[in-house]
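Colleague: Have a look at the structure that comes next, please.
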Amino acid sequence: MARNSITADSPKQDKKRFEFPDIYIILIGFIIIVSLFTWIVPAGSYERMVLPNGRESVVAGSYKVIAQTPVGLMDIITAIPVGLRAASSVVFLTLLVGGAVGVIRRTGVIDFGINKLIRLMGKNVDLVIPALMLPFALIAAFIGTPELGIAYLPIILPLMLRLGFDSITATAMVLLSTTLGFAFGITAPATIGIGHMLAELPMFSAAWYRGTFFVLIQFVTILFVMRYARKVRMTPSLAINREQDEKLRLALKAEDAGQVDHFNKRHQSAAIVTLIMFIGIIASVLQFGLGFDEISGLFILMAIVTSLIVGIKANRICSNFNESFREILVGALICGVARGVSVILTEGNIMDTLVFYLAGMVESLPGALTAVGILMTQTVFNFLVPSGSGQALITLPILIPLADLVGLTRQVVVLATHWGDGITNILFPTSGYFMAILVIGRVSIGKWLKFYFPLFLYVLFMAVSGLIIAQGRPLRGDF
């Protein structure tokens, strides 16, 4: 009787179960809330100056209150279209790179590589986690492009599912390695490079200190992912995202049913060429500093070359692109929707006001806590401006004179702003590439936060510890 009563009550329990809002609802909600702030928070602005690299930066001490400019209904309505235009480089990177990887997957080359890797790993399937996470992290640490995770996940997801792991494991391998690799990056040009230029420090100085924390963070991150992955592989019912995992596995089985024993020498040749081209793209980014447009174009070229080597006809290649673009479209759109929050802040002229008051909070802290205060305010500001270079150009010109007054070295200021930005890139829904990768991995933000938050607390603790050590040492520009 007890069993029957439980069964009978289960539908009611399902109805009462909390359902995390869709990401569109969350982001639109944030846009509306920030719009209300433009009616309450005083409008203000800093003067801007043009740097030698053509980017605009604020002028310290130039903040002034201006006439209130609250956003209206039409501003709210157009926030998403304007956000899509403002984030167009990331939107098209997601669409084109994700679409290109989808086209390559449809050639069978990725499945060919996955089968080879599975045979190579044998029983040591756990080792695929550090074998992939470490190179992903190193690439992000040196070139500062965690957005490349958009290209990695469509390959990693089917691989990990076939090995008996789940979508959270695959998504974590990509997001944690690329984002924390970037956050504790060694020569990331867009954040460390711009920061050192603004602070007038030797370019990429103190690399040894950042490299030390990179190693410490990656070591614990890999262990964290491996621990969860082993648990889920042994007991699949413990998977955080098991409903989506079941759907993904069914889709994979349907794909595998039509692809049994169809691989040939063309696939082998195409796999070798694809690997060489991918390595070439990464090397070109390192060597020549390629931007999102060049990366997107090269991925499209790689998809076309791979398809032609396999023997797919031109019309079919076009069809594969159309199908792949449809699959990745939501992830690309999310990037623009997420940018809508900062669009409202800018149009309401309260962005600079928030920076002014955040800097004031840091200034009021005891000298010993200045570096930690910068880290914490930067994590908050990252919700509003999810762009490392954008944050550096807005906040560093204000924080550097403040640090000089309290005796904090500029190297530590750059470190605090860089770490504060990076560690929350996979925490806030206003981060476009983060949300795009979650969409590709079929992972809701609620389930991701459930998985990531314990590791985030450890990473935050390490960042705070690193800044306290650096402030006490201190780190000079000539390190």
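The values are calculated or read from the model by the stated rules, or taken from the named source; none is laboratory data. All values reported here derive from a predicted model rather than from experimental measurement. Neighbour counts run over all protein chains shown; Cβ positions are idealised from the backbone, glycine included. The protein model used for the area step is the full one, side chains on, heavy atoms only, and it has no ligands, DNA or RNA in it. Shrake-Rupley method; radii C 1.70, N 1.55, O 1.52, S 1.80 Å.
Colleague: Assuming R0 = 45 Å, what is the FRET efficiency of Lys450 and Leu301, from their Cβ-Cβ distance, to the nearest 0.05? Can you show the working numbers first?
Modeller: Details: r = 39 Å, r/R0 = 0.87.
With R0 = 45 Å, the Cβ-Cβ based efficiency is 0.70.
Colleague: How much of the accessible area of segment 236-346, in percent, comes from carbon and sulfur atoms when a 1.4 Å probe is used?
Modeller: Details: 3770 of 6130 Å².
Using a 1.4 Å probe with all protein chains present, segment 236-346 comes out at 61 percent carbon and sulfur.
Colleague: Also, I was wondering about something else. Within 10 Å, count the other beta carbons around each residue, average over each peptide in 67-73, 388-394, 43-49, and list them highest first.
Modeller: 388-394, 43-49, 67-73
Colleague: Then there is this: From the phi angles alone, apply the Karplus equation (6.51, -1.76, 1.60; θ = phi - 60°) to segment 168-173 and give each ³J(HN,Hα) in whole Hz, x where the residue is Gly or Pro.
Modeller: Residue by residue, segment 168-173 yields 5, 4, 4, 5, 5, 4 Hz.
Colleague: Which ³J(HN,Hα) values in Hz, rounded to whole numbers, follow from the phi angles of segment 308-320 under the Karplus curve 6.51 cos²θ - 1.76 cosθ + 1.60, where θ = phi - 60° and Gly and Pro get x?
Modeller: For segment 308-320, the Karplus-derived couplings read 5, 5, 5, x, 7, 6, 4, 4, 5, 4, 4, 4, 5 Hz, x marking Gly and Pro.
Colleague: Can you order the peptides 171-179, 106-114, 58-66, 405-413 by their average number of other Cβ atoms within 10 Å per residue, highest first?
Modeller: Per-residue mean Cβ counts within 10 Å order the peptides as 171-179, 106-114, 405-413, 58-66.
Colleague: Continuing with this model, one more query. Quick one: compute a quarter of the convex hull surface over the Cα atoms of segment 163-225 and quote it in nm².
Modeller: 4.8
Colleague: By the scheme Lys and Arg +1, Asp and Glu -1, what is the net charge of all other residues having a beta-carbon under 13 Å from that of Ala303? Please list the in-between numbers first.
Modeller: On the way: positive: Arg105, Arg106, Arg316; negative: Glu323.
Net charge in that neighbourhood comes out at +2.
Colleague: While we're here: Quick one: Debye curve from the C-alpha atoms of the chain, no solvent, what's log10 I(q)/I(0) at q = 0.05 Å⁻¹?
Modeller: With one equal scatterer per Cα and no solvent, log10 I(q)/I(0) is -0.20.
Colleague: Run lengths n ≥ 4 of DSSP H only: what is the helix-derived mean residue ellipticity at 222 nm for the chain, with -39500 (n - 2.57) per run over all residues, to the nearest 500?
Modeller: On the way: 20 runs with 350 residues, N = 479.
Helices in the chain give a 222 nm mean residue ellipticity of -24500 deg cm²/dmol.
Colleague: Over segment 52-179, calculate the relative contact order: mean separation of alpha carbon pairs under 8 Å at least 6 apart, over the residue count, as a percent.
Modeller: 24
Colleague: Obtain the nm distance between the two label points defined at Ser465 and Glu47 by a simple spin-label model: each point lies 7 Å from its Cα along the Cα-to-C-beta direction.
Modeller: 4.5
Colleague: Order the peptides 199-209, 428-438, 325-335 from the highest to the lowest mean number of other Cβ atoms within 10 Å of their residues.
Modeller: Values: 199-209: 16.1, 428-438: 25.4, 325-335: 20.0.
With the highest mean Cβ count within 10 Å placed first, the list reads 428-438, 325-335, 199-209.
Colleague: Same structure, new question: Any idea what the relative contact order of the chain is, in percent, if you count C-alpha pairs under 8 Å spaced at least 6 apart?
Modeller: RCO, the chain: 27 percent.
Colleague: For segment 278-372, with equal point scatterers placed on the C-alpha atoms only and solvent neglected, what are the log10 I(q)/I(0) values from the Debye formula at q = 0.26 1/Å, to two decimals?
Modeller: These q points yield log10 I(q)/I(0) values of -1.21.
Colleague: For segment 159-218, with all protein chains present and a 1.4 Å probe, just round the carbon and sulfur fraction of the accessible area to a whole percent.
Modeller: 75
Colleague: Something else now. Based only on Cα atoms, what Rg/Rh ratio does segment 342-479 have, Rh being taken as Kirkwood's radius?
Modeller: My calculation of the ratio gives 1.00.
Colleague: Next question. Of Ile33, Leu375, Asn322, whose Cα points farthest to the positive end of the dipole of the chain (charges on the beta-carbon: +1 Lys, Arg; -1 Asp, Glu; origin at the Cα centre)?
Modeller: Of the listed residues, the answer is Asn322.
Colleague: Pull out the extension gain between Leu36 and Leu286, defined as 0.36 nm times the separation in residues minus the alpha carbon to alpha carbon distance; nm, one decimal.
Modeller: Details: separation 250, 0.36 × 250 = 90.00 nm, distance 4.29 nm.
Difference between extended and current length: 85.7 nm.
Colleague: As an exercise, use a Förster radius of 41 Å and the Cβ-Cβ distance of Ser364 and Met234 to find the FRET efficiency, rounded to the nearest 0.05.
Modeller: Computed FRET efficiency for Ser364 and Met234 comes out at 0.20.
Colleague: In whole angstrom, note down how far apart the Cα centers of segment 356-400 and segment 221-235 are.
Modeller: So the two Cα centres are separated by 35 Å.
Colleague: While we're here: Longer than 25 Å from Cα to Cα, which of Lys116/Lys450; Lys123/Lys450; Lys247/Lys313; Lys116/Lys447; Lys231/Lys447 are they? Say none if no pair is.
Modeller: Lys116/Lys450; Lys123/Lys450; Lys247/Lys313; Lys116/Lys447
Colleague: What distance in nm separates the simple spin-label points at Val220 and Asn264, each placed 7 Å from Cα in the Cβ direction?
Modeller: 5.3
Colleague: Going 7 Å from the Cα of Arg316 in the Cα-to-Cβ direction, what parts of segment 276-305 have a backbone nitrogen less than 11 Å from that spot?
Modeller: No residue qualifies, since no backbone N sits under 11 Å from the label point.
Colleague: On to the next question. Heavy atoms of the protein only, probe of 1.4 Å, neighbouring chains included. What is the accessible area of Val220 in Å², nearest 10?
Modeller: That residue has around 40 Å² of solvent-accessible surface.
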